[in-house]
Amino acid sequence: MTTSTPTVLVAAAPTLYREGLVALLHEQWPHQRLSLTADVTQVAYLVCSQPYGLLILDDLLPGLQLVPLLTQLHRASPRQRVLLLTSPETCTSAAPLPWSDTRLLVSRQALAEALVSALESWLSDQPAPALAKSSWRGTGGLGNGFSPRELQVLSLVVADYCNAEIADKLCLSVRTVESHRRMLLQKAGTKTLVGLAARAVREGWVA
């Protein structure tokens, strides 16, 4: 390796949420080198193959058995830092993670500022750049002009639901969902769903 900057391994399914997370990491720490995997069986192997400054692990990764994997990682690399993305319920009710000095538990619904703050001491010698301020935070405000229904659709888009699945979940027609998606892209000022997901994660538009 030609740089001493530690790499980051992101272990998560290839969803729009992951795309938004990766975009946020690139924006805040552009010099960090990212590796991606969606194969839970490869996580321990990759960590053993080379040192990573940080492993970001989504607990929705298919096939994940968390405690056995953490045990395996600890045996292979006792100082490996792991940020676990999980549900708000798990964050508030879960027992402490093993080896808590190298583990962070962060809600998948956390605002971008909270995620950046949690990672800053691990990824930066210098403070991360300030995030652009938004006039809207969380689902309780309408600074960007999103309707409650549009916010529901946006949350499902970021969770990687297709149009038909969103329509079924919200009892809408597929045509109505398509209309909501077009309006979301227009209001967010983005051209693609990946760009929309990235901004939604960065701005904290989804809960």
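Are any residues in region 8-23 under 18 Å from residue 84 (Cβ atoms) and touching a Leu at 6+ places or on another chain (Cβ under 7 Å), and if so, which ones? If the condition is that a residue be under 18 Å from residue 84 (Cβ atoms) and touching a Leu at 6+ places or on another chain (Cβ under 7 Å), then 8, 9, 10, 11, 12, 13, 22 are the ones that fit. Taking the stated definitions as given, is residue 194 of a type in the set (A, V, I, L, M, F, W, C), open to solvent by less than 30 Å² (accessible area, probe 1.4 Å) and either part of a helix (DSSP H, G or I) or touching a residue at least 24 places away in the same chain (Cβ under 8 Å) (or both)? Considered against the rule, which asks whether it is of a type in the set (A, V, I, L, M, F, W, C), open to solvent by less than 30 Å² (accessible area, probe 1.4 Å) and either part of a helix (DSSP H, G or I) or touching a residue at least 24 places away in the same chain (Cβ under 8 Å) (or both), residue 194 comes out as no.
Restricting the first member to region 163-191 and to residues that are among the acidic types (Asp, Glu), and the second to residues that are modelled with pLDDT of 85 or more and surrounded by 14 or more Cβ atoms within 10 Å (Cβ to Cβ), the beta-carbon pairs closer than 7 Å and six or more apart or on different chains are 178/163. Evaluated against (1) in a strand (DSSP E or B); (2) open to solvent by 60 Å² or more (accessible area, probe 1.4 Å); (3) in contact (Cβ under 8 Å) with a residue 60 or more places away in the chain, residue 85 falls short on exactly one condition, (2). A single member of 93, 173, 117, 179 is under 27 Å from residue 60 (Cα atoms) and at pLDDT 75 or above, and it is 117.
Out of 189, 195, one residue alone is out of contact with any helix residue (DSSP H, G or I) (no Cβ under 7 Å at 6 or more places or on another chain), farther than 22 Å from residue 107 by Cα and of a type outside the set (A, V, I, L, M). It is 189.
The values are calculated or read from the model by the stated rules, or taken from the named source; none is laboratory data. What you see is a predicted model; the values in this text were computed from it and never measured. Positions of Cβ are backbone-derived with ideal geometry, glycine not excepted, and every protein chain shown enters the neighbour counts. Surface areas here come from the heavy atoms of the whole protein model, side chains and all, with no ligands, DNA or RNA. Shrake-Rupley method; radii C 1.70, N 1.55, O 1.52, S 1.80 Å.
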